[in-house]
Amino acid sequence: MTNWDALTQTLERHGFTVSRFATGREAAAYIDGKIDGKTVGMGGSITLKDLGLYELLAAHNTVHWHWSGDGQPARARDLAVGAQVYLSSVNALAETGEIINIDGTCNRVASLLYGHEEVYLVVGANKIAPDAEAALWRARNVASPKNAQHLGRKTPCAVKGDRCYDCDSPERVCGSLVTLWRKPGGIGRMEVVLVEEDLGY
């Protein structure tokens, strides 16, 4: 059982702004109210998709998302890098404060490190692990296989759906691993939006 107060305190000590909500719907409404008239980039994320954040934010912001279906994913990624605000989820968050992401194209992890005025990380209860080792295990053996399956990749983890095989497949979705120990200095403000229900994978 997650100690939400202790997790909040740890993240704040590490330089992150933290907000907390009981449901994804409340979190989405909060983010929609915080971002207005901005350029917004979004990382590939089932969490963001399920919360309908593209549709909400695009009504009053300029949003660049390679999952938007406009037929120009590479262009959307390029524009997202230069956006004022960036949104993503995470593959795992340790109760000890480490935020872990694995990425293939690496556009998402790049935007968590430098250049944006604000970054929002939406984290469901299912993403939380007790420590850094467990968080890394979750990112590799739970989130990455499910992401490979979602993308229709022919990798061992996608076919078997049980764990990472550290494969050499050309369709591998794991190209980089980034751990945030503290808020990156190249980001203006980074907010972790904690949601006390399961979101994404």
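The values are calculated or read from the model by the stated rules, or taken from the named source; none is laboratory data. Because the structure is a prediction, the values reported are computed rather than measured. With ideal geometry, Cβ positions are generated from the backbone for all residues, glycine too; neighbour counts draw on all protein chains shown. Remember, those area values only see protein heavy atoms, side chains included, never the ligands or the DNA or RNA. Shrake-Rupley method; radii C 1.70, N 1.55, O 1.52, S 1.80 Å.
Table for the structure above
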{"read-out": "All positions within the range 105-122 that are surrounded by 23 or more Cβ atoms within 10 Å (Cβ to Cβ) and assigned to a strand (DSSP E or B)", "value": "V119, Y120, L121, V122"}
{"read-out": "Hits in the range 137-171 (condition: at pLDDT below 95, closer than 18 Å to N126 by Cα, charged (D, E, K, R) and part of a helix (DSSP H, G or I))", "value": "K146"}
{"read-out": "Top-ranked residue in the range 149-179 [being within 15 Å of the chain's Cα centre (by Cα) and either surrounded by fewer than 17 Cβ atoms within 10 Å (Cβ to Cβ) or charged (D, E, K, R) (or both); ranked as nearest to G15 (Cα to Cα)]", "value": "T179"}
{"read-out": "Members of the range 59-75 found to be exposed (fewer than 15 other Cβ atoms within 10 Å of the Cβ) and either touching an Asp or Glu at 6+ places or on another chain (Cβ under 6 Å) or not in a loop (DSSP other than H, G, I, E, B) (or both), listed by number", "value": "H60, T62, A74, R75"}
{"read-out": "Candidate set: the range 180-201, residues that are more than 25 Å from K146 (Cα to Cα) and assigned to a strand (DSSP E or B); chosen: the one most open to solvent (accessible area, probe 1.4 Å)", "value": "R189"}
{"read-out": "The range 76-99 - residue that is in a helix (DSSP H, G or I) and hydrophobic (A, V, I, L, M, F, W, C) and, of those, farthest from I187 (Cα to Cα)", "value": "A76"}
{"read-out": "Scan of the range 1-21 for residues that are surrounded by fewer than 18 Cβ atoms within 10 Å (Cβ to Cβ) and within 15 Å of N126 (Cβ to Cβ), ordered by number", "value": "M1, T2, W4"}
{"read-out": "Selection status of G41, under 17 Å from the mean Cα position of the chain (by Cα), part of a strand (DSSP E or B) and of a type in the set (G, A, S)", "value": "yes"}
